[in-house]
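What follows is a short report on a single structure.
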Amino acid sequence: MNIYGYKCKKCGTVHYPFRTTCKKCGAFIFEDKADRYQLVPLSKEGKLLTFTRLRSLPGDFDVPELLLGIVQLDDGNRITGQLDIPAPKLGMKVKGEIRVVRQEGYNTHRGIVFEAA
Amino acid sequence: MREVFVVGIGITSFTRLEYPLAEIAAYPGMMALKDSGLSKVDQVYVANMGGGRVNHQTGLASAVVDQLSLAPAGAETIENGPASGASAIKTGFMAVASGLCDTVMVIGAERMREVNDLESTDFVATLTHPHAEYIYGVTLPSLAGMFARLYMDKYKVTPRHLGMVAVKNHDHAMDNFFAHLHERITLEGIIDSPEASTNNPFVADPLRFYDCCPVSDGAACVILASGDAAKKTGKPRIRLAGVGQATDTLAVHDRKEPTDLLAARGAAAAAFKMAGFKPSQVDVAELHDAFTILEIAESEEVGFFKKGEGHLALEKGETRLGGSLPINPSGGLKAKGHPVGATGVGQAHEIVLQLRGEAEKRQVKGAKTGFTCNFGGFGNNVVCLAFKKEG
Ligand SMILES: [Zn+2]
């Protein structure tokens, strides 16, 4: 499984998350969708840009704390995700995989979780 | 464009309030009418973020205009996240400046404590990107925590600096009857002593309990008027001289430099440009310190200090009452409280009090210019206001 970025067919900029208009060249990505952008799987490896250990969680999480981080991916994109790393450090190498990240009632959300590489 | 003046103000305590939302909202409206001597207005704007979700009340402005028996005045509810308050003031400014209205009442109101802390945290977290942030459990404190870690590393800001913001704003709030927290704290108690980790546990590290604002109910009001309408009230000539707004990416990771707050920078620059004065000429400011780190970062982005030097000014006491540029004399969001939709109007209320010379024990002596920064989302939508005492 992958998380996909949206590559503008006009200028090549990869957007994550999706946006209807290219931030770089202004192309209307959403117009005739399939024709204007290409789905590209984002890299799952990169380095940890920043993180936090969150102790006050929305009610649907039944864990006492959650590690969240922003990762600078090797392909130049950035992503927010959860961390499964006992003692994270700024700049460390990480590797992600897709797991269940949140269960809201019957609604299961999958997303990226990073471990130390 | 016509000039716009503030002719009436009112506020409730920012705390837990056991009244229906529409009554909380109406109360400062009533006080502001009394303050201005007006008995009616052309238009009412009500800033609110959570009525529909937290209080099961939508279309709040219709309820408030009726509470105040101001019908048939126009009435609209304005939602722009935590910047709803200043957005409503900006809308009121446009209504008066354009000539559409002569008098406009702007109320900000929120009743968040009708639900528990977990629910209110989740409600505010709906401001984040639904797919790229929210599903991971990202909340506003976690975005602030990630921002703080990067910022502190880059600019050599320490936990003691964050603590100094909290201590200062708690001290300021001691002289504000309407503030949520009347609790004097010390660096010893929250940072330096062995008990500090118990007194001041991590919420989203490196941010601790005393780095985060409380969850508050409350409301505030300002009445705006054209030059002629203002003259008739005989109130001090406090002019809303500049309004500015700017936006940034919704997902924080999508920003080129995650430690820059470009929306705050842009909104401030626009407000100063319209007002015709510089950041260095500001006598008193209210910044959006929902988290202590934000007061430091915003004090740089709006132009008071160079990037990376806000904490040095703080250290020297420049931003304390009595310093060269007092920031958050009201106690700020940190200690005055943060009823989200009301906050921006509460900030304007404080600046008007200061420019009128009515701030009593927390008065900034001789203040003639004031500035507010109301920060929505995690910096994706910011509204700044510049005020000037005329004559
Ligand atoms: Zn493009």
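Coordinate-derived values only; no laboratory data. None of these values were measured; they are calculated from a predicted model. A quick note on method: Cβ atoms are made from the backbone with ideal geometry, for glycine too, and the neighbour counts reach across all protein chains shown.
So here's what we get for this one:
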item	result
Loop-located GluC sites (Glu not before Pro) in region B:308-391, at most 15 other Cβ atoms within 10 Å (DSSP)	B:Glu309, B:Glu358, B:Glu390
Interchain or long-range residues, amide H under 5 Å from B:Ser216's placed H	B:His338, B:Val340
0 to 90° range, to nearest 10: angle between helix B:140-155 axis and chain B longest Cα axis	60
GNM flexibility winner over chain B from B:Leu118, B:Leu68, B:Leu287 (Cα, springs under 10 Å)	B:Leu118
Rg in Å to one decimal, and Dmax rounded to a whole Å, for region A:45-116 via C-alpha atoms	12.4, 36
Degrees separating the helix B:340-356 axis from the principal Cα axis of chain B, which is the longest one	70
Chymotrypsin sites (Phe, Trp or Tyr not before Pro) within region B:169-230: DSSP coil, no more than 14 neighbouring Cβ in 10 Å	B:Phe177
Highest-first arrangement of B:45-57, B:77-89, B:337-349, where packing means the average Cβ count within 10 Å	B:337-349, B:77-89, B:45-57
Neighbour-limited loop hits for trypsin sites (Lys or Arg not before Pro), region B:224-269 (at most 10 other Cβ within 10 Å; DSSP other than H, G, I, E, B)	B:Lys256
Other protein chain Cβ atoms within 10 Å, averaged over every residue that makes up A:76-83	5
Given charges at beta-carbon only (K, R positive; D, E negative), |dipole| of the protein assembly as shown in Debye	1460
DSSP loop GluC sites (Glu not before Pro) with at most 16 other Cβ within 10 Å: longest gap in chain A	A:66-117
Exceeding the 28 Å Cα-Cα cut-off - candidates A:Lys89/B:Lys307; A:Lys24/B:Lys388; B:Lys334/B:Lys365; B:Lys154/B:Lys368	A:Lys24/B:Lys388; B:Lys154/B:Lys368
For region B:257-371: Kirkwood Rh in Å [reciprocal of mean 1/r, alpha carbons]	14.3
Bins of 5 Å, starting at 0 and running to the largest distance - Cα pair percent for region B:317-391	3, 15, 26, 27, 18, 8, 3, 0
Centre separation in Å (Cα based) which lies between region A:49-117 and region B:66-123	36
With Cα atoms, 0 to 90° folded angle of helix B:262-275 axis to chain B main axis	40
Prolate/oblate/rounded label for region B:217-277 (Cα gyration tensor, a/c 1.5)	prolate
P(r) of region A:1-97 over all Cα-Cα pairs, binned every 5 Å from zero, in whole percent	3, 13, 20, 16, 14, 14, 10, 7, 3, 0
Nearest-20 debye value, region B:41-117 charge dipole, Cβ charges on Lys, Arg, Asp, Glu	120
Distribution of pairwise C-alpha distances over chain B, 20 Å bins, in %	32, 60, 8, 0
Peptide A:57-69, shielding by other chains (average Cβ, 10 Å cutoff)	5
Normalised per residue, the volume of the convex hull around the Cα set of the protein assembly as shown (Å³)	151
